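What follows is a set of notes on a single structure, which appears directly below.
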Amino acid sequence: MGILDFLKGEFIDVIAWVDDSRDTMVWRFEREGHAIKYGAKLTVREGQAAVFVHEGQLADVFQPGLYMLETNNMPLLTTLQHWDHGFNSPFKSEIYFINTTRFNDLKWGTKNPIICRDPEFGPVRLRAFGTYSMRVADPAVFMREIVGTDGEFTSDEVSFQIRNVIVQELSRVLASSGIPVLDMAANTGDLGKLVTTAIAPKIAEYGLVLPEFYIENVSLPEEVEKVLDKRTSVGVAGDLSKYTQFAAAEALGQAGGAMGATVGAGMGLAMGAQMAQGGPWGAAPAAAAPVAPPPPPMETVWHIAEGGTTKGPFGRGHLGRMAAEGGFARTTLVWSPGYAGWVAAETIPELAQLFTVMPPPPPPGV
């Protein structure tokens, strides 16, 4: 082996890139003066591509494999440079490694609500968000259109522009889909395919593809969701007349008097009348209907525990007569629906009054 061959072996380059950052899309192979020697070994691993840039002009793209940088495997670069200077580098080029694997779990979302015309609710404002993945499909186009001379390029630097493209096409797809808001959750897959197809040409101009695109949620404004929850509650209640009676009884129990019962029953009847007319929430009724008077307050009935047995139910008037006849005392145990257990009659305010308004015993001799 001659001294020239020995020197050639000592100065052969080994060009490779190993990345563990998980977000680097492009990395430039750093070499002093960008000198690449004749016969250098280039290792391009799976999920990578190597791009040669010679004097500012994109020269060659290498797919995964092991290459010896000689004239027989660099056809484009050979047309730009002659190889007649031995092992000393006759050219200065930059080598960029492109990560062609998928970049997953990238987020997208609407900054501002999208105004759509819903078949059921009319004009509505929608928000949406989800995830997507992207991959470099054409390294040469990606270098020209996006990277330029950036020595290290990450996914965050391009994801912002991708999100803008996604939101623009999503707005158009949602506005023209004609799918009711309540049915969008069942059609997010189809909507995602429409958005992916719509943005594919624009994404291809960057040398990229989106292998996966997901719409995770389409939501209404918080105020609209609250109204929708009320409408759902009425639907769950079923028969409106029974719901009105229940609302009146509930208002009576909460207010603790006839005033609370009247207000609660009035509200229940007003809501029932509005729903019976078939009008939407918040809309004025087609014709003013007379408001029926509220139903009378529901009387509380009581059961009595006496001698190991229960008697009843008895109304308050009946218990008053029993108290006058001596068959109902302050210590008598009573129970009514809504009470956890038996309690003494004198502890119930409305029953305790029965013992304070009793007439005195007749005078002697009468």
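FYI, it's all coordinate maths here, none of it is from the lab. If you're wondering where the values come from, they're calculated on a predicted model, not measured in any experiment. Note that each Cβ is placed from the backbone with ideal geometry, even for glycine, and that neighbours are counted across all protein chains shown.
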Which FRET efficiency, nearest 0.05, do D156 and E205 yield, Cβ-Cβ r, R0 30 Å?
-> 0.90
Here segment 214-221 yields Karplus 3J(HN,Hα) values (6.51, -1.76, 1.60; θ = phi - 60°; whole Hz; Gly and Pro given as x) of 10, 9, 7, 7, 10, 10, 8, x
Interchain or long-range residues, amide H under 5 Å from E216's placed H | F129, G130, T131
Candidate lysines - alpha carbon under 22 Å from K193, same-chain residues fewer than 8 apart omitted | K107, K111, K202
Residue separation times 0.36 nm, minus the C-alpha to C-alpha distance between Q57 and N112: what's the value?
-> 15.7 nm
Karplus-derived 3J(HN,Hα), 6.51/-1.76/1.60, for each residue of segment 183-189, Hz, glycine and proline x | 9, 5, 4, 7, 10, 5, x
Sequence order, segment 299-308: Karplus ³J(HN,Hα) from phi using 6.51 cos²θ - 1.76 cosθ + 1.60, θ = phi - 60°, Hz rounded, Gly and Pro as x, gives 7, 7, 10, 10, 10, 10, 9, 8, x, x
